[in-house]
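Have a look at the structure below before the remarks.
Each value in this text was obtained by applying a stated rule to the coordinates, not by laboratory testing. From a predicted model like this one, the values you see are computed outputs, not experimental measurements. FYI the Cβ positions are ideal-geometry reconstructions off the backbone, even for glycines, and counts take in every protein chain you see.
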Amino acid sequence: MPYSHLHPWKAFRPWERHSLVLFVAGLVYTSIGLSFFTTEITKANEKALKVALTWWDMDVWGVIFVLAGWLAMISSRWPPISSTWGYTVLTGLSATWASFYGIGVIFDLSPVSNLRGAFIWGLLAFMWWGISGLANPPRVEPIKSTTV
């Protein structure tokens, strides 16, 4: 484990590339959640997200997105014992949101154009899952020119 010298719960990891990615992603998901509070849901989205809206209204989903964003930001530095758990949060929420769009089209006769939402959120889920397995270099050295 690269941070074995740190206490598993009482320390912070050094700031690295994954830290930046998770922090920015956390800001994005927090912004998405806040937008659920400040904008009215369109009829097309209401139909596409009918399953999600039977569980909770958009304000509750907004809180869930804000919390996921905060968790991603927290995971950018803590705990040292795990450096990728924030990606799990983002992957899970993105996959859930993709499935809501897909289920809306399949079972609730939502317009087929709403598959676009399932595709985009599914790609985000795949991206977070994929990024979590990439190497996390502490510093990236610049490429030196070899031209004569």
Residue by residue through the stretch 22-28, which ³J(HN,Hα) values in whole Hz follow from phi under the Karplus form 6.51 cos²θ - 1.76 cosθ + 1.60 (θ = phi - 60°), with glycine and proline marked x?
5, 5, 5, 4, x, 5, 5
Three-way shape label, the stretch 13-62, alpha-carbon gyration tensor, a/c 1.5
prolate
FRET efficiency for Lys50 and Arg17, using Cβ-Cβ distance with R0 set to 35 Å, rounded to 0.05
0.35
Points 7 angstrom from Cα along the Cβ direction at Val28 and Thr88: gap in nanometres?
2.1
